[in-house]
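What follows is a set of notes on a single structure, which appears directly below.
The values are calculated or read from the model by the stated rules, or taken from the named source; none is laboratory data. A quick note: this is a predicted structure, and the numbers were derived from the prediction, not measured. Counting neighbours? That spans all protein chains shown, and the Cβs are built from the backbone with ideal geometry, glycine included.
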Amino acid sequence: MARLKPTFVCQACGAVTSRWAGKCEACGAWNAIVEEAAAAPLPGGASSTTARALGRGRVVVLEGLSGATDEAPRLVSGLGELDRVTGGGFVHGSALLLGGEPGIGKSTLLLQGSAALARAGHRVVYVSGEEAAAQVRLRAQRLGLADAPVALAAETNVEDILATLKDGPPPRLVIIDSIQTLWTSQVEAAPGTVTQVRAAAQAMIRYAKTTGACVILVGHVTKDGQIAGPRVVEHMVDAVLSFEGDSGRDFRILRAQKNRFGPTDEIGVFAMTGDGLEQVTNPSALFLGDREPDAPGAAVLAGLEGSRPILVEIQALVVPSTLGTPRRAVVGWDNARLAMVLAVLEARCGVRLGGHDVHLAVAGGLRIQEPAADLAVAAALVSSLTGAALPVDAVFFGEIGLTGAVRPVSHPGPRLREAARLGFKRGVLPAAAADAAQGTDVSIVAIPTLDVLVARLAA
Ligand code: TYD
Ligand code: MG
(Lines give C-alpha, C1' and ligand atoms only; values in the text may rest on other atoms or scores of the structure.)
(Ligands and ions follow the chains in the order given, each with its own letter.)
Protein backbone atom coordinates (compact mmCIF):
# COMPACT_ATOMS: atom_id res chain seq x y z
CA MET A 1 0.00 0.00 0.00
CA ALA A 2 1.28 3.45 -0.82
CA ARG A 3 2.63 5.47 2.07
CA LEU A 4 0.16 8.10 3.26
CA LYS A 5 1.40 11.58 2.49
CA PRO A 6 0.41 14.31 4.92
CA THR A 7 -2.06 16.78 3.50
CA PHE A 8 -2.95 20.23 4.69
CA VAL A 9 -6.59 21.11 5.03
CA CYS A 10 -8.11 24.53 5.56
CA GLN A 11 -10.39 24.22 8.58
CA ALA A 12 -12.54 27.07 7.33
CA CYS A 13 -13.35 25.94 3.80
CA GLY A 14 -11.99 22.42 3.49
CA ALA A 15 -9.52 23.22 0.69
CA VAL A 16 -6.67 20.71 0.49
CA THR A 17 -3.09 21.75 -0.26
CA SER A 18 0.20 19.89 -0.29
CA ARG A 19 2.04 22.53 1.74
CA TRP A 20 1.32 24.53 4.83
CA ALA A 21 0.59 28.23 4.36
CA GLY A 22 -0.41 31.01 6.72
CA LYS A 23 -3.30 32.07 4.54
CA CYS A 24 -5.69 29.81 2.66
CA GLU A 25 -5.54 30.53 -1.07
CA ALA A 26 -9.10 29.33 -1.54
CA CYS A 27 -11.03 31.31 1.08
CA GLY A 28 -8.51 33.80 2.41
CA ALA A 29 -8.73 32.59 6.03
CA TRP A 30 -5.62 33.09 8.15
CA ASN A 31 -4.09 30.39 10.33
CA ALA A 32 -6.77 27.92 9.33
CA ILE A 33 -4.55 25.38 7.55
CA VAL A 34 -3.80 22.29 9.61
CA GLU A 35 -1.91 19.14 8.78
CA GLU A 36 -4.10 16.06 8.58
CA ALA A 37 -3.25 12.49 7.68
CA ALA A 38 -4.67 11.63 4.29
CA ALA A 39 -7.77 9.48 4.29
CA ALA A 40 -7.13 5.78 4.05
CA PRO A 41 -8.96 4.15 1.15
CA LEU A 42 -12.31 2.81 2.28
CA PRO A 43 -12.55 -0.95 2.53
CA GLY A 44 -14.25 -2.29 -0.57
CA GLY A 45 -13.40 0.92 -2.37
CA ALA A 46 -10.26 -0.50 -3.95
CA SER A 47 -11.89 -3.44 -5.65
CA SER A 48 -14.71 -1.43 -7.18
CA THR A 49 -12.22 1.18 -8.36
CA THR A 50 -10.15 -1.55 -9.96
CA ALA A 51 -13.25 -2.99 -11.58
CA ARG A 52 -14.16 0.41 -12.93
CA ALA A 53 -10.65 0.91 -14.25
CA LEU A 54 -11.01 -2.34 -16.14
CA GLY A 55 -14.31 -1.18 -17.62
CA ARG A 56 -16.38 -3.75 -15.74
CA GLY A 57 -18.75 -1.72 -13.60
CA ARG A 58 -21.68 -3.14 -11.72
CA VAL A 59 -24.99 -2.86 -13.57
CA VAL A 60 -27.42 -0.70 -11.67
CA VAL A 61 -31.16 -1.11 -12.10
CA LEU A 62 -32.61 2.02 -13.66
CA GLU A 63 -35.90 3.15 -12.23
CA GLY A 64 -38.78 5.25 -13.52
CA LEU A 65 -39.96 8.55 -12.11
CA SER A 66 -43.39 7.26 -11.19
CA GLY A 67 -43.98 4.60 -8.59
CA ALA A 68 -46.33 4.90 -5.70
CA THR A 69 -45.27 4.47 -2.11
CA ASP A 70 -47.74 3.83 0.69
CA GLU A 71 -45.72 5.84 3.13
CA ALA A 72 -46.46 9.48 3.82
CA PRO A 73 -43.66 11.37 2.09
CA ARG A 74 -42.80 13.42 5.14
CA LEU A 75 -42.44 13.13 8.89
CA VAL A 76 -44.61 15.87 10.30
CA SER A 77 -43.54 16.85 13.80
CA GLY A 78 -46.67 18.79 14.63
CA LEU A 79 -44.53 21.73 15.78
CA GLY A 80 -45.93 24.13 13.21
CA GLU A 81 -42.99 26.53 13.27
CA LEU A 82 -40.53 23.67 12.62
CA ASP A 83 -42.64 22.01 9.92
CA ARG A 84 -43.11 25.30 8.09
CA VAL A 85 -39.36 25.77 7.72
CA THR A 86 -38.68 22.21 6.56
CA GLY A 87 -41.36 22.65 3.90
CA GLY A 88 -44.00 20.51 5.58
CA GLY A 89 -42.00 17.97 7.57
CA PHE A 90 -38.79 15.98 7.33
CA VAL A 91 -38.39 14.07 4.07
CA HIS A 92 -37.66 10.34 4.30
CA GLY A 93 -34.14 9.43 3.31
CA SER A 94 -32.91 13.00 3.57
CA ALA A 95 -30.11 14.52 5.57
CA LEU A 96 -30.48 17.88 7.22
CA LEU A 97 -27.96 20.09 8.95
CA LEU A 98 -29.09 22.29 11.82
CA GLY A 99 -26.47 24.98 12.42
CA GLY A 100 -26.25 27.57 15.12
CA GLU A 101 -24.07 29.08 17.81
CA PRO A 102 -23.50 27.02 20.94
CA GLY A 103 -26.22 27.56 23.51
CA ILE A 104 -28.77 28.93 21.08
CA GLY A 105 -31.14 26.01 21.67
CA LYS A 106 -30.46 23.43 18.95
CA SER A 107 -30.54 20.45 21.30
CA THR A 108 -33.68 21.75 22.96
CA LEU A 109 -35.46 22.22 19.63
CA LEU A 110 -34.52 18.76 18.37
CA LEU A 111 -35.40 17.09 21.65
CA GLN A 112 -38.84 18.68 21.50
CA GLY A 113 -39.23 17.72 17.83
CA SER A 114 -38.06 14.16 18.56
CA ALA A 115 -40.48 13.80 21.43
CA ALA A 116 -43.38 15.00 19.28
CA LEU A 117 -42.55 12.50 16.53
CA ALA A 118 -41.94 9.66 18.98
CA ARG A 119 -45.29 10.31 20.64
CA ALA A 120 -46.89 10.11 17.20
CA GLY A 121 -45.57 6.57 16.92
CA HIS A 122 -42.38 7.07 14.88
CA ARG A 123 -39.15 5.48 16.02
CA VAL A 124 -36.71 8.24 16.86
CA VAL A 125 -33.10 7.77 17.93
CA TYR A 126 -31.29 10.70 19.55
CA VAL A 127 -27.53 10.25 19.57
CA SER A 128 -25.76 12.74 21.79
CA GLY A 129 -22.03 13.12 21.58
CA GLU A 130 -22.00 16.09 23.88
CA GLU A 131 -24.12 15.05 26.81
CA ALA A 132 -24.51 11.76 28.63
CA ALA A 133 -27.86 10.01 28.20
CA ALA A 134 -28.68 10.92 31.80
CA GLN A 135 -28.20 14.60 31.03
CA VAL A 136 -30.45 14.41 27.99
CA ARG A 137 -33.02 12.59 30.11
CA LEU A 138 -32.78 15.32 32.74
CA ARG A 139 -33.41 17.95 30.13
CA ALA A 140 -36.37 15.97 28.78
CA GLN A 141 -37.76 15.84 32.30
CA ARG A 142 -37.43 19.59 32.65
CA LEU A 143 -39.25 20.01 29.36
CA GLY A 144 -42.04 17.66 30.41
CA LEU A 145 -41.08 15.16 27.71
CA ALA A 146 -39.87 12.30 29.91
CA ASP A 147 -42.69 10.02 28.81
CA ALA A 148 -41.90 10.31 25.08
CA PRO A 149 -40.48 7.04 23.71
CA VAL A 150 -37.29 8.55 22.22
CA ALA A 151 -34.35 6.12 22.11
CA LEU A 152 -31.21 7.73 23.53
CA ALA A 153 -27.57 6.93 22.95
CA ALA A 154 -24.41 8.73 24.04
CA GLU A 155 -21.88 7.78 21.39
CA THR A 156 -19.38 9.45 19.10
CA ASN A 157 -17.96 6.65 16.95
CA VAL A 158 -19.70 6.43 13.60
CA GLU A 159 -19.23 2.67 13.19
CA ASP A 160 -20.72 2.06 16.63
CA ILE A 161 -23.63 4.36 15.90
CA LEU A 162 -24.38 2.65 12.59
CA ALA A 163 -24.15 -0.81 14.19
CA THR A 164 -26.54 0.31 16.94
CA LEU A 165 -29.00 1.72 14.41
CA LYS A 166 -28.95 -1.48 12.35
CA ASP A 167 -29.42 -3.63 15.43
CA GLY A 168 -32.85 -2.43 16.55
CA PRO A 169 -36.06 -1.68 14.65
CA PRO A 170 -35.27 0.77 11.84
CA PRO A 171 -35.65 4.37 13.01
CA ARG A 172 -37.54 7.00 10.99
CA LEU A 173 -35.54 9.86 12.44
CA VAL A 174 -31.97 9.94 13.71
CA ILE A 175 -30.53 12.99 15.46
CA ILE A 176 -26.77 13.38 15.67
CA ASP A 177 -25.86 16.03 18.26
CA SER A 178 -23.34 17.16 17.16
CA ILE A 179 -21.42 16.39 13.98
CA GLN A 180 -18.25 17.93 15.49
CA THR A 181 -18.08 15.22 18.13
CA LEU A 182 -18.30 12.31 15.66
CA TRP A 183 -15.30 10.36 14.49
CA THR A 184 -14.88 7.43 12.18
CA SER A 185 -12.02 4.96 12.29
CA GLN A 186 -11.81 5.24 8.49
CA VAL A 187 -9.76 8.41 8.77
CA GLU A 188 -7.00 9.28 11.16
CA ALA A 189 -7.70 12.95 11.85
CA ALA A 190 -8.92 14.21 15.22
CA PRO A 191 -12.67 14.70 15.84
CA GLY A 192 -13.85 18.15 14.82
CA THR A 193 -11.37 18.53 11.95
CA VAL A 194 -12.71 19.02 8.46
CA THR A 195 -11.52 15.58 7.39
CA GLN A 196 -13.31 13.83 10.25
CA VAL A 197 -16.47 15.89 10.01
CA ARG A 198 -16.67 15.28 6.28
CA ALA A 199 -16.11 11.54 6.57
CA ALA A 200 -18.55 11.17 9.46
CA ALA A 201 -21.21 13.25 7.70
CA GLN A 202 -20.73 11.19 4.55
CA ALA A 203 -21.31 7.96 6.47
CA MET A 204 -24.46 9.29 8.12
CA ILE A 205 -25.80 10.69 4.84
CA ARG A 206 -25.20 7.34 3.16
CA TYR A 207 -27.12 5.73 6.01
CA ALA A 208 -30.07 8.08 5.37
CA LYS A 209 -30.10 7.41 1.63
CA THR A 210 -29.88 3.63 1.97
CA THR A 211 -32.37 3.13 4.81
CA GLY A 212 -34.87 5.91 4.13
CA ALA A 213 -34.49 7.35 7.61
CA CYS A 214 -34.19 11.09 8.02
CA VAL A 215 -30.91 12.10 9.60
CA ILE A 216 -30.47 15.45 11.30
CA LEU A 217 -26.92 16.58 11.96
CA VAL A 218 -26.35 19.33 14.50
CA GLY A 219 -23.46 21.66 13.76
CA HIS A 220 -22.02 24.39 15.95
CA VAL A 221 -21.09 27.56 14.13
CA THR A 222 -19.40 30.51 15.77
CA LYS A 223 -20.41 34.10 14.97
CA ASP A 224 -17.94 34.36 12.11
CA GLY A 225 -18.52 30.80 10.92
CA GLN A 226 -14.96 29.85 11.81
CA ILE A 227 -15.34 26.42 13.36
CA ALA A 228 -14.43 23.49 11.18
CA GLY A 229 -17.12 21.35 9.80
CA PRO A 230 -20.58 22.61 9.08
CA ARG A 231 -19.51 24.76 6.14
CA VAL A 232 -18.14 21.66 4.46
CA VAL A 233 -21.20 19.63 5.33
CA GLU A 234 -23.57 22.25 3.90
CA HIS A 235 -22.86 21.07 0.37
CA MET A 236 -23.44 17.44 1.23
CA VAL A 237 -26.85 17.56 2.90
CA ASP A 238 -30.32 18.09 1.42
CA ALA A 239 -31.26 20.95 3.67
CA VAL A 240 -29.48 23.42 5.89
CA LEU A 241 -31.42 25.09 8.67
CA SER A 242 -29.94 27.73 10.87
CA PHE A 243 -31.13 28.57 14.34
CA GLU A 244 -30.44 32.18 15.18
CA GLY A 245 -31.13 34.62 17.91
CA ASP A 246 -29.76 37.22 20.13
CA SER A 247 -28.23 35.76 23.27
CA GLY A 248 -29.63 38.74 25.18
CA ARG A 249 -33.14 38.04 24.00
CA ASP A 250 -35.49 35.15 24.37
CA PHE A 251 -36.71 34.58 20.88
CA ARG A 252 -35.10 32.39 18.27
CA ILE A 253 -35.55 32.25 14.53
CA LEU A 254 -35.30 29.07 12.51
CA ARG A 255 -34.45 29.72 8.89
CA ALA A 256 -33.85 27.45 5.89
CA GLN A 257 -30.66 28.39 4.05
CA LYS A 258 -30.89 25.55 1.59
CA ASN A 259 -33.71 23.11 1.04
CA ARG A 260 -34.00 20.57 -1.76
CA PHE A 261 -37.54 19.76 -0.70
CA GLY A 262 -39.07 23.07 0.23
CA PRO A 263 -38.85 26.83 0.21
CA THR A 264 -35.90 28.70 1.69
CA ASP A 265 -37.68 31.90 2.61
CA GLU A 266 -39.86 30.62 5.44
CA ILE A 267 -38.96 31.33 9.03
CA GLY A 268 -40.08 29.75 12.28
CA VAL A 269 -40.19 31.85 15.40
CA PHE A 270 -39.73 30.45 18.89
CA ALA A 271 -39.31 31.91 22.35
CA MET A 272 -36.91 30.29 24.84
CA THR A 273 -38.68 29.95 28.16
CA GLY A 274 -37.97 28.14 31.40
CA ASP A 275 -39.90 25.20 29.95
CA GLY A 276 -38.10 25.00 26.64
CA LEU A 277 -38.96 26.53 23.29
CA GLU A 278 -42.42 27.86 22.75
CA GLN A 279 -43.80 28.50 19.30
CA VAL A 280 -44.56 32.10 18.50
CA THR A 281 -47.52 32.07 16.16
CA ASN A 282 -47.92 35.84 16.16
CA PRO A 283 -44.41 37.21 15.62
CA SER A 284 -45.54 40.74 14.68
CA ALA A 285 -46.86 41.32 18.19
CA LEU A 286 -43.50 40.13 19.53
CA PHE A 287 -41.36 42.33 17.28
CA LEU A 288 -43.52 45.39 17.90
CA GLY A 289 -43.81 44.62 21.62
CA ASP A 290 -41.60 47.35 23.03
CA ARG A 291 -42.34 50.24 20.71
CA GLU A 292 -42.10 53.81 21.90
CA PRO A 293 -44.90 55.71 20.17
CA ASP A 294 -43.41 59.19 19.71
CA ALA A 295 -39.77 58.41 19.03
CA PRO A 296 -38.37 59.96 15.85
CA GLY A 297 -36.47 57.62 13.55
CA ALA A 298 -38.76 54.60 13.89
CA ALA A 299 -40.88 53.23 11.04
CA VAL A 300 -42.93 50.06 10.99
CA LEU A 301 -42.27 47.83 8.00
CA ALA A 302 -45.08 45.60 6.84
CA GLY A 303 -42.69 42.86 5.80
CA LEU A 304 -43.03 39.36 4.48
CA GLU A 305 -40.97 36.35 5.50
CA GLY A 306 -41.76 33.51 3.15
CA SER A 307 -45.52 33.30 3.02
CA ARG A 308 -46.02 35.02 6.34
CA PRO A 309 -46.46 38.76 6.85
CA ILE A 310 -44.42 40.10 9.77
CA LEU A 311 -44.53 43.64 11.07
CA VAL A 312 -41.27 44.91 12.46
CA GLU A 313 -39.88 48.26 13.52
CA ILE A 314 -36.96 49.79 11.61
CA GLN A 315 -34.96 52.23 13.72
CA ALA A 316 -32.62 54.88 12.35
CA LEU A 317 -30.36 57.32 14.13
CA VAL A 318 -28.84 60.12 12.10
CA VAL A 319 -26.33 62.34 13.92
CA PRO A 320 -23.76 64.91 12.73
CA SER A 321 -20.47 63.13 12.27
CA THR A 322 -17.12 64.06 13.77
CA LEU A 323 -15.33 61.59 11.52
CA GLY A 324 -13.71 62.23 8.15
CA THR A 325 -15.65 59.32 6.73
CA PRO A 326 -19.04 59.22 8.42
CA ARG A 327 -20.05 55.94 10.02
CA ARG A 328 -22.62 53.64 8.46
CA ALA A 329 -23.67 50.93 10.89
CA VAL A 330 -26.40 48.43 10.06
CA VAL A 331 -27.88 45.66 12.17
CA GLY A 332 -30.33 43.25 10.55
CA TRP A 333 -30.29 44.72 7.07
CA ASP A 334 -28.00 44.99 4.07
CA ASN A 335 -25.17 47.56 4.12
CA ALA A 336 -25.17 48.02 0.36
CA ARG A 337 -28.92 48.53 0.36
CA LEU A 338 -28.57 51.30 2.97
CA ALA A 339 -25.90 52.99 0.87
CA MET A 340 -28.27 52.89 -2.10
CA VAL A 341 -31.18 54.43 -0.16
CA LEU A 342 -28.87 57.17 1.16
CA ALA A 343 -27.63 57.91 -2.36
CA VAL A 344 -31.17 58.14 -3.74
CA LEU A 345 -32.22 60.41 -0.85
CA GLU A 346 -29.30 62.68 -1.67
CA ALA A 347 -29.49 62.66 -5.46
CA ARG A 348 -33.26 62.61 -6.01
CA CYS A 349 -34.69 64.27 -2.91
CA GLY A 350 -31.99 66.71 -1.81
CA VAL A 351 -31.62 65.08 1.62
CA ARG A 352 -27.94 65.42 2.47
CA LEU A 353 -26.56 62.88 4.89
CA GLY A 354 -22.93 62.97 3.78
CA GLY A 355 -21.89 64.73 7.00
CA HIS A 356 -23.91 62.48 9.28
CA ASP A 357 -23.29 59.17 10.95
CA VAL A 358 -26.12 56.76 10.15
CA HIS A 359 -27.09 53.88 12.40
CA LEU A 360 -29.82 51.54 11.28
CA ALA A 361 -31.28 48.63 13.19
CA VAL A 362 -34.10 46.19 12.73
CA ALA A 363 -35.73 45.99 16.15
CA GLY A 364 -35.81 42.68 17.94
CA GLY A 365 -32.81 41.19 16.16
CA LEU A 366 -34.69 40.08 13.05
CA ARG A 367 -32.66 39.96 9.84
CA ILE A 368 -34.51 41.37 6.84
CA GLN A 369 -33.60 40.55 3.28
CA GLU A 370 -36.40 41.88 1.13
CA PRO A 371 -36.09 45.19 -0.77
CA ALA A 372 -39.62 46.07 0.37
CA ALA A 373 -37.95 47.51 3.46
CA ASP A 374 -36.47 50.41 1.42
CA LEU A 375 -39.41 52.74 1.96
CA ALA A 376 -39.56 52.10 5.72
CA VAL A 377 -35.79 52.66 5.94
CA ALA A 378 -36.04 55.96 4.02
CA ALA A 379 -38.92 57.10 6.23
CA ALA A 380 -36.99 56.23 9.40
CA LEU A 381 -33.89 58.08 8.15
CA VAL A 382 -35.79 61.23 7.25
CA SER A 383 -37.73 61.11 10.52
CA SER A 384 -34.52 60.85 12.52
CA LEU A 385 -32.95 63.71 10.58
CA THR A 386 -35.92 66.04 11.05
CA GLY A 387 -36.62 64.92 14.61
CA ALA A 388 -40.32 64.48 13.83
CA ALA A 389 -41.83 61.13 14.76
CA LEU A 390 -43.75 59.22 12.09
CA PRO A 391 -47.48 58.64 12.61
CA VAL A 392 -47.79 55.83 15.13
CA ASP A 393 -50.54 54.08 13.17
CA ALA A 394 -48.68 53.89 9.82
CA VAL A 395 -46.92 50.97 8.16
CA PHE A 396 -44.50 51.28 5.26
CA PHE A 397 -43.39 49.06 2.40
CA GLY A 398 -42.03 49.56 -1.12
CA GLU A 399 -38.87 49.08 -3.10
CA ILE A 400 -36.90 52.17 -4.10
CA GLY A 401 -35.29 52.29 -7.54
CA LEU A 402 -32.19 54.27 -8.42
CA THR A 403 -34.37 56.84 -10.17
CA GLY A 404 -36.27 57.47 -6.94
CA ALA A 405 -39.35 55.62 -8.17
CA VAL A 406 -41.14 53.57 -5.52
CA ARG A 407 -41.82 50.17 -7.01
CA PRO A 408 -44.48 47.64 -6.09
CA VAL A 409 -43.49 44.59 -4.03
CA SER A 410 -45.04 41.15 -3.74
CA HIS A 411 -48.17 40.39 -1.71
CA PRO A 412 -49.33 43.87 -0.66
CA GLY A 413 -52.71 42.43 0.41
CA PRO A 414 -51.45 40.07 3.14
CA ARG A 415 -49.10 42.78 4.42
CA LEU A 416 -51.96 45.25 4.85
CA ARG A 417 -54.30 42.68 6.36
CA GLU A 418 -51.68 41.86 9.00
CA ALA A 419 -51.26 45.59 9.66
CA ALA A 420 -55.03 46.03 10.00
CA ARG A 421 -55.22 43.07 12.39
CA LEU A 422 -52.67 44.77 14.66
CA GLY A 423 -54.57 48.04 14.65
CA PHE A 424 -52.63 50.07 12.07
CA LYS A 425 -54.74 52.58 10.16
CA ARG A 426 -52.46 53.89 7.43
CA GLY A 427 -50.41 52.16 4.75
CA VAL A 428 -47.66 54.16 3.05
CA LEU A 429 -46.85 52.20 -0.07
CA PRO A 430 -46.14 52.24 -3.83
CA ALA A 431 -48.82 53.89 -5.94
CA ALA A 432 -49.17 50.69 -7.93
CA ALA A 433 -50.28 48.78 -4.83
CA ALA A 434 -52.99 51.27 -3.84
CA ASP A 435 -55.93 48.92 -4.40
CA ALA A 436 -54.50 46.24 -2.10
CA ALA A 437 -56.22 47.77 0.90
CA GLN A 438 -59.66 46.68 -0.29
CA GLY A 439 -61.47 44.82 2.44
CA THR A 440 -59.44 46.40 5.25
CA ASP A 441 -59.97 49.69 7.06
CA VAL A 442 -56.42 50.80 6.31
CA SER A 443 -56.27 54.09 4.42
CA ILE A 444 -53.67 54.34 1.71
CA VAL A 445 -50.97 56.93 1.22
CA ALA A 446 -49.70 56.17 -2.28
CA ILE A 447 -46.09 57.20 -2.92
CA PRO A 448 -45.07 57.26 -6.60
CA THR A 449 -41.54 58.58 -6.02
CA LEU A 450 -39.38 58.98 -2.95
CA ASP A 451 -39.34 62.80 -3.09
CA VAL A 452 -43.13 62.73 -2.55
CA LEU A 453 -42.58 60.92 0.75
CA VAL A 454 -39.80 63.32 1.76
CA ALA A 455 -42.00 66.33 0.97
CA ARG A 456 -44.89 64.89 3.02
CA LEU A 457 -42.63 64.19 5.99
CA ALA A 458 -41.12 67.69 5.83
CA ALA A 459 -44.54 69.36 5.61
P1 TYD B 1 -29.26 24.07 24.09
O2 TYD B 1 -30.44 23.44 23.44
O3 TYD B 1 -28.42 23.21 24.95
O4 TYD B 1 -28.33 24.81 23.04
P5 TYD B 1 -27.37 24.19 21.91
O6 TYD B 1 -27.72 22.77 21.75
O7 TYD B 1 -27.68 25.02 20.69
O8 TYD B 1 -25.98 24.42 22.37
O9 TYD B 1 -29.82 25.31 24.92
C10 TYD B 1 -29.00 25.92 25.81
C11 TYD B 1 -29.61 27.14 26.43
O12 TYD B 1 -31.00 27.15 26.49
C13 TYD B 1 -29.11 27.22 27.84
O14 TYD B 1 -28.38 28.43 27.95
C15 TYD B 1 -30.29 27.21 28.70
C16 TYD B 1 -31.42 27.52 27.79
N17 TYD B 1 -32.64 26.78 28.15
C18 TYD B 1 -33.72 27.45 28.65
O19 TYD B 1 -33.70 28.66 28.84
N20 TYD B 1 -34.86 26.76 28.95
C21 TYD B 1 -34.94 25.42 28.78
O22 TYD B 1 -35.99 24.82 29.06
C23 TYD B 1 -33.80 24.73 28.27
C24 TYD B 1 -33.82 23.25 28.06
C25 TYD B 1 -32.68 25.44 27.95
MG1 MG C 1 -26.50 21.15 22.27
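In the stretch 20-44, which residues are more than 22 Å from ARG231 (Cα to Cα) and either at pLDDT 80 or above or surrounded by 12 or more Cβ atoms within 10 Å (Cβ to Cβ) (or both)?
ALA40, PRO41, LEU42
Looking at the structure I just gave you, is SER107 under 13 Å from VAL215 (Cα atoms), small (Gly, Ala, Ser) and touching a strand residue (DSSP E or B) at 6+ places or on another chain (Cβ under 8 Å)?
So SER107 does not fit the description; no.
Would you pick out the residues in the stretch 118-145 that are outside any helix (DSSP H, G or I), among the β-branched types (Val, Ile, Thr) and within 13 Å of ligand 2 (Cβ to nearest atom)?
Hit for the stretch 118-145 is VAL127, nothing else.
Checking the structure you have, find out if any residue of the stretch 263-270 is more than 16 Å from the chain's Cα centre (by Cα) and among the β-branched types (Val, Ile, Thr).
No, that holds for no residue.
If the requirement is being crowded, with 21+ Cβ neighbours inside 10 Å and over 23 Å from LYS425 (Cα atoms), which of these qualifies: LEU353, LEU345?
LEU345
Restricting the search to the stretch 142-162, which residues are within 15 Å of ALA213 (Cβ to Cβ) and exposed (fewer than 13 other Cβ atoms within 10 Å of the Cβ)?
Answer for the stretch 142-162, where residues must be within 15 Å of ALA213 (Cβ to Cβ) and exposed (fewer than 13 other Cβ atoms within 10 Å of the Cβ): there is none.
Among all residue pairs at least 6 apart or on different chains, which show Cβ distances below 7 Å where the first residue, located in the stretch 266-282, is farther than 14 Å from LEU366 by Cβ and part of a strand (DSSP E or B) and the second is of a type in the set (Val, Ile, Thr) and within 16 Å of ligand 2 (Cβ to nearest atom)?
Short answer, once both residue conditions are applied: GLY276/THR108; LEU277/THR108.
Counting only residues that are surrounded by fewer than 19 Cβ atoms within 10 Å (Cβ to Cβ) and among the aliphatic types (A, V, I, L, M), give me the helices (runs of 4 or more DSSP H) lying completely in the stretch 361-459 with at least 2 of them.
The qualifying helices (runs of 4 or more DSSP H) are 450-458.
Please enumerate the residues belonging to the stretch 167-209 that are within 16 Å of ligand 1 (Cβ to nearest atom) and assigned to a helix (DSSP H, G or I).
ILE179, GLN180, THR181
Within the set of pairs 6+ apart or on separate chains, which have a first residue in the stretch 243-256 that is more than 16 Å from LEU217 (Cα to Cα) and part of a loop (DSSP other than H, G, I, E, B), a second that is at pLDDT 85 or above and more than 15 Å from ligand 2 (Cβ to nearest atom), and C-beta atoms under 8 Å apart?
ASP250/ALA271; ASP250/THR273
Being in the same structural domain as ARG260 (by TED's automatic domain parsing), farther than 15 Å from SER107 by Cβ and at pLDDT below 95 is true for just one of GLY168, GLY129. Which residue is that?
The conditions single out GLY168.
Using the structure shown, decide if ALA115 is part of a loop (DSSP other than H, G, I, E, B) and at pLDDT 90 or above.
For ALA115, the condition - part of a loop (DSSP other than H, G, I, E, B) and at pLDDT 90 or above - is not met.
Which of the numbered conditions does ALA120 fail, given that it passes all the others? Conditions: (1) modelled with pLDDT under 95; (2) within 21 Å of GLY103 (Cβ to Cβ); (3) of a type in the set (A, V, I, L, M).
Status for ALA120: all satisfied but (2).
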